[in-house]
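Beneath this line is the structure, given in structure tokens, with notes to follow.
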Amino acid sequence: MKVSIDGLHKAFENRVRLGIMSALAVNDTLDFTSLKEYLDVTDGNLATHIKKLEKEEFIDVKKSFIDNKPNTKYSMTAKGKKAFEDHLKVLENIIKSQK
Amino acid sequence: MKEEQDYIRDIAEIRSMMERSSKFLSLSGLAGIMAGVYALAGAWVAHVYLGFKPDGVGDSAVYNGQYSNLPQLMLLAVVVLILAIGTAVFLSAKKAQKRGEKAWNTTSKRMVAHMSVPLVAGGILISVFIVKGLLILIAPLSLLFYGLALYNASKFSYEDVKFLGMIQMGLGLLGTWYTGYGLLFWAIGFGVVHIVYGIYMHLRYER
């Protein structure tokens, strides 16, 4: 029973990053607070993981101000969407091949 | 190397995150039951004490727009509405807390925003009908627009809400045809159907 783990992107190895991508896959945009609530992580932790995904160009960041308070919105890029879908496919195949 | 269970867990987590971030799942079945009870009580008071009897054609006061207890009827409707919404908000907040979520989050805001569009449009239309004395249609129209609101909301919550919405719309439309049974359909929709739906949701998701 050989399983290829190629195709599993490193960016998705982490639970928080996988969570961010999952949430953004079904929401056009999400702000920092919402992401934090869903993932139940600290500000610093979330910011680090977001930065990593940003560096991969998987997510897009839009900064703006609402009532003079900074509001940052995140969305998935086309590249991120493709990578996430590929990741799902690989996961699916691994599980199928082990059955 | 990761084990098979790890991959399965990954998929389970992805699924759960997608659901949690796009659907508001803290709607309380118990609140549905309570809303039904308030509605039945309200319909009973309207019928027995306020003489809201849309049955009978032509000579009925409701039919002619000569209905004299209108202010009391509207007050009653507002009280029933506030009780139902208040209970729903309270019980949903409690349920959300139990699930470790905030009740007023992105998903619940989105759900409320999508519900409010048909509700506001329906509210304005019903107000116009009240002013014009077309009281016979207010009960069926409230069912119809409430059903539309639920249908909209179902995209952001349990799929079951969609069927509740369709039943309410159906009853509302029937009520516009059989106007004499407007209040009866209203009592079935807001009362009986809510109670049945609430029990179903409670048994299915809250045990």
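What to note about this one:
- Criterion (within 28 Å of B:Gln97 (Cβ to Cβ) and basic (Lys, Arg)) met by exactly one of A:Lys52, A:Lys69: A:Lys69
- Among residues of region A:11-28 being in contact with an Asp or Glu (Cβ under 9 Å, 6 or more places away or on another chain) and either more than 7 Å from chain B (Cβ to nearest Cβ) or surrounded by fewer than 17 Cβ atoms within 10 Å (Cβ to Cβ) (or both), the one that is modelled with the lowest pLDDT is A:Ala11.
- Among the residues of region A:31-47, just one is β-branched (Val, Ile, Thr) and within 12 Å of another protein chain (Cβ to nearest Cβ), namely A:Thr33.
- Considering region A:57-72, the residues that are modelled with pLDDT of 90 or more and assigned to a loop (DSSP other than H, G, I, E, B) include one that is nearest to B:Lys155 (Cα to Cα), namely A:Phe58.
- Options A:Leu35, A:Leu46, A:Leu88, A:Leu39; residue that is free of Cβ contacts under 8 Å to residues at least 60 places away in the same chain and open to solvent by 40 Å² or more (accessible area, probe 1.4 Å): A:Leu88
- If the condition is being part of a helix (DSSP H, G or I) and without any contact (Cβ under 8 Å) to a residue 40 or more places away in the chain, then region B:151-163 contributes B:Tyr151, B:Asn152, B:Ser154, B:Lys162, B:Phe163.
- Test result for A:Asp60, under 12 Å from the mean Cα position of the chain (by Cα) and of a type in the set (D, E, K, R): yes
- Single match in B:Leu119, B:Leu183, B:Leu173 (criterion: part of a helix (DSSP H, G or I) and open to solvent by less than 70 Å² (accessible area, probe 1.4 Å)): B:Leu183
- Tally of residues being surrounded by fewer than 17 Cβ atoms within 10 Å (Cβ to Cβ) and among the charged types (D, E, K, R) across region B:99-116: 3
- Which numbered condition A:Leu53 fails, given (1) away from every other protein chain (no Cβ under 14 Å); (2) on the phi > 0 side of the Ramachandran plot: (2)
- Qualifying residue in region A:73-86 (condition: within 12 Å of chain B (Cβ to nearest Cβ) and assigned to a helix (DSSP H, G or I)): yes
- Residue in region B:45-68 that is crowded, with 17+ Cβ neighbours inside 10 Å, modelled with pLDDT of 90 or more and away from chain A (no Cβ under 14 Å) present: yes
- Among the residues of region A:6-14, none qualifies, meaning not one is closer than 20 Å to B:Glu13 by Cα, of a type in the set (A, V, I, L, M, F, W, C) and without any contact (Cβ under 8 Å) to a residue 40 or more places away in the chain.
The values are calculated or read from the model by the stated rules, or taken from the named source; none is laboratory data. This is a predicted model, so every value here is computed, not measured. Glycine gets a Cβ as well: all are built from the backbone with ideal geometry, and neighbour counts include every protein chain shown. Surface accessibility is based on the protein's heavy atoms, side chains included, excluding ligands, DNA and RNA. Shrake-Rupley method; radii C 1.70, N 1.55, O 1.52, S 1.80 Å.
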